[in-house]
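Some notes on the structure that comes next.
The values are calculated or read from the model by the stated rules, or taken from the named source; none is laboratory data. On a predicted model such as this, the values are computed, not experimentally measured, just so you know. Cβ: placed from backbone, ideal geometry, glycine included. Neighbour counts: every protein chain shown.
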Amino acid sequence: MQGTRRSWFTVALTLGTTLALGGAGFAQSPTLPPQSITLTDARMIMDGAIAYAKEKNLRLGVAVLDATGEMVAGEHTDGAPGRNIMFAQGKAYASVMYRATTSSLAELYKTRPDRYFGIMNMYGSKVYLVDGGVPLAVDGKLVGAVGVAGTPGQDEECARAGIAAWEKARSARK
């Protein structure tokens, strides 16, 4: 009797787990919400930022995150250290979590140190609060963020150039 109960329990648990995960369909590729950043979008943003950087002879890393803070893509230019992608990811993460540019978040150090240190204590090594992180929106809805790291004072310009290239491509597709 004990063995029978256990086997029925195992079957019920397995069936419940399978149904909770979407049954046989959970192995299929997920359908993205209509307002998500795709890899193609991320590529356009990164290409635009990198093209702008090359015009200015800058070396940088770029990261694009979705609205949940998950990395969609990251890349660095020739000659830039790979760690710049990590810095860019920290900027993008802060930007998407707070729906603000990291340059404005960095100003909190002067105007609201309690908030600045609160963010640093909450997210620790996941955020990098210097210029270069910019939220991404489509039709007023947050869809992600881009972060650029490489040249202080010019990172946000590069991020905005990437966003401009993406927006131009999006409008051409409509």
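With the structure loaded, tell me whether VAL134 is in a strand (DSSP E or B) and touching a Cys at 6+ places or on another chain (Cβ under 9 Å) or whether it fails that test.
On the way: in a strand (DSSP E or B): yes; touching a Cys at 6+ places or on another chain (Cβ under 9 Å): no.
Spelling it out, it is not the case that VAL134 is in a strand (DSSP E or B) and touching a Cys at 6+ places or on another chain (Cβ under 9 Å).
Which of the following residues is charged (D, E, K, R), in the same structural domain as ALA49 (by TED's automatic domain parsing), modelled with pLDDT of 95 or more and farther than 21 Å from ARG43 by Cα: ARG83, ARG115, ARG99?
Numbers: ARG83 fails: farther than 21 Å from ARG43 by Cα; ARG115 fails: modelled with pLDDT of 95 or more.
Step by step, each of ARG83, ARG115, ARG99 is checked, and only ARG99 is charged (D, E, K, R), in the same structural domain as ALA49 (by TED's automatic domain parsing), modelled with pLDDT of 95 or more and farther than 21 Å from ARG43 by Cα.
For PRO152, state whether it is closer than 19 Å to VAL62 by Cβ, assigned to a loop (DSSP other than H, G, I, E, B) and not acidic (Asp, Glu).
Working: closer than 19 Å to VAL62 by Cβ: yes; assigned to a loop (DSSP other than H, G, I, E, B): yes; not acidic (Asp, Glu): yes.
Yes, satisfied.
Across segment 104-139, what is the number of residues that are surrounded by 15 or more Cβ atoms within 10 Å (Cβ to Cβ), touching a residue at least 60 places away in the same chain (Cβ under 8 Å) and more than 25 Å from LEU60 (Cα to Cα)?
1
Residue under question is ARG160, and the condition is that it be free of Cβ contacts under 8 Å to residues at least 40 places away in the same chain, part of a helix (DSSP H, G or I) and in contact with a strand residue (DSSP E or B) (Cβ under 7 Å, 6 or more places away or on another chain); does it hold? Explain how you work it out, then say what you get.
Working: free of Cβ contacts under 8 Å to residues at least 40 places away in the same chain: yes; part of a helix (DSSP H, G or I): yes; in contact with a strand residue (DSSP E or B) (Cβ under 7 Å, 6 or more places away or on another chain): yes.
Against the criterion (free of Cβ contacts under 8 Å to residues at least 40 places away in the same chain, part of a helix (DSSP H, G or I) and in contact with a strand residue (DSSP E or B) (Cβ under 7 Å, 6 or more places away or on another chain)), ARG160 qualifies.
Any residue at all in segment 77-94 that's part of a strand (DSSP E or B), touching a Ser or Thr at 6+ places or on another chain (Cβ under 9 Å) and not hydroxyl-bearing (Ser, Thr, Tyr)?
For segment 77-94, residues part of a strand (DSSP E or B), touching a Ser or Thr at 6+ places or on another chain (Cβ under 9 Å) and not hydroxyl-bearing (Ser, Thr, Tyr): absent.
How many residues are of a type outside the set (A, V, I, L, M) and buried (at least 18 other Cβ atoms within 10 Å of the Cβ) if we restrict to segment 78-100?
Let us first name the residues in segment 78-100 that are of a type outside the set (A, V, I, L, M), namely 78-79, 81-84, 87, 89-91, 93, 95, 98-99.
Checking the rest, the ones that are also buried (at least 18 other Cβ atoms within 10 Å of the Cβ) come to 84, 87, 89-91, 93, 95, 98.
Looking only at that region, the number is 8.
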